[in-house]
Structures are given as C-alpha cells and as structure tokens.
1. For the structure I just gave you, tell me whether residue 91 is over 13 Å from the mean Cα position of the chain (by Cα), of a type in the set (Lys, Arg) and surrounded by fewer than 19 Cβ atoms within 10 Å (Cβ to Cβ).
2. Quick one: which of 84, 136, 104 is touching a Phe, Trp or Tyr at 6+ places or on another chain (Cβ under 7 Å), under 18 Å from residue 21 (Cα atoms) and of a type outside the set (Phe, Trp, Tyr)?
3. Can you tell me which of 52, 17, 64 is modelled with pLDDT of 90 or more and loosely packed, with under 10 Cβ neighbours inside 10 Å?
4. Look through region 23-32, keep the residues that are farther than 20 Å from residue 90 by Cβ, outside any loop (DSSP other than H, G, I, E, B) and not charged (D, E, K, R), and return whichever of them is modelled with the lowest pLDDT.
5. Could you check region 91-143 and list, in sequence order, the residues that are closer than 21 Å to residue 35 by Cβ and touching a residue at least 60 places away in the same chain (Cβ under 8 Å)?
6. Are any of the residues in region 33-49 within 23 Å of residue 126 (Cβ to Cβ), modelled with pLDDT under 95 and outside any helix (DSSP H, G or I)?
Amino acid sequence: MAVTVAGAVPARAQEKPAIHIVKDPNCGCCTAWAQILNDDGFAVTFEHSSEPALTRFKQRVGLPKNMASCHTAIVEGYAIEGHVPAAEIRRLLAERPDAVGLSVPGMPYGSPGMGPESDRDAYSVYLVRRDGSVEVFSHYPAG
C-alpha cells in the first residue's frame, strides 16, 4: 500500500494544473500573469468577458466585492482573484482548505504581472472563506 501511495505522489507532482482565466480581452496585466502561470507549469486557458459579465461571474463564484481585482480564474474548483503568485496557488491546491479561493485585491505593483518583484509594493494574498470572511494566507513585504 505504501508503494502505491509513494508512486502516486511523483505522478501528481508532474501534472499541469488546469487554470481557466476569465478576463477583459484588452487587459495586458492579465495576460502577463497568465504567462507567468504558464511558465510555472500551469495549463492556462482564457475566456474573454465584458465588465458586467465578469462582475456577475465573480459574484457567482462567491468573491466578496472588497476582494475584487481585474481577472478571475478557476483551478480545481477554487477561485483565484487577481495577481496571486503561482506558489500560493500551488500551496492552496496542496492544503485544500474549505474555501472559495485566494485573492490579491486591487492590482499591487510588483505582484505577478504587475511589474518587477524586486521593486514591489507590500501586498497580502487572502484566503476567502465560504462565509465571505477573509484571512491573510501569505504576505509579501515591499521589495
């Protein structure tokens, strides 16, 4: 039994998590974020959406208005809002908390797709709970 479990771990680690991004077709920072995820081993797909439809999508998946950013993604049933680092998405998928997903509200400078990390503003990645409450999942200090 232990051999089967141990054998399954490396295979799962090599899978490319599928992430579907819903975004404005003209948003360059969303495209930059998607490229970062692609380079990090995610299988990225897009859906272009108008602003009203994107807002309704965010509401449907359970994201509070105060957690909004420019794009929303879905990965393995979790919502990912804004410029969330790939490492935090991987941590979410590994830990599998009972939550809506993760958010980096707004568009903080230096978050993935928003300029150089070496010169970033401080920002937090929030875990959005199913009841709408949020807690800091991780924090990135100014660079």
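The values are calculated or read from the model by the stated rules, or taken from the named source; none is laboratory data. Keep in mind the model is a prediction, meaning the values are calculated, not measured. Every residue, glycine among them, receives a Cβ derived from its backbone with ideal geometry; neighbour counts consider all protein chains shown.
1. no
2. 104
3. Only one candidate passes the filter, namely 52.
4. 28
5. 93, 107, 112, 113, 114
6. Scanning region 33-49, I find at least one residue that is within 23 Å of residue 126 (Cβ to Cβ), modelled with pLDDT under 95 and outside any helix (DSSP H, G or I), so the answer is yes.
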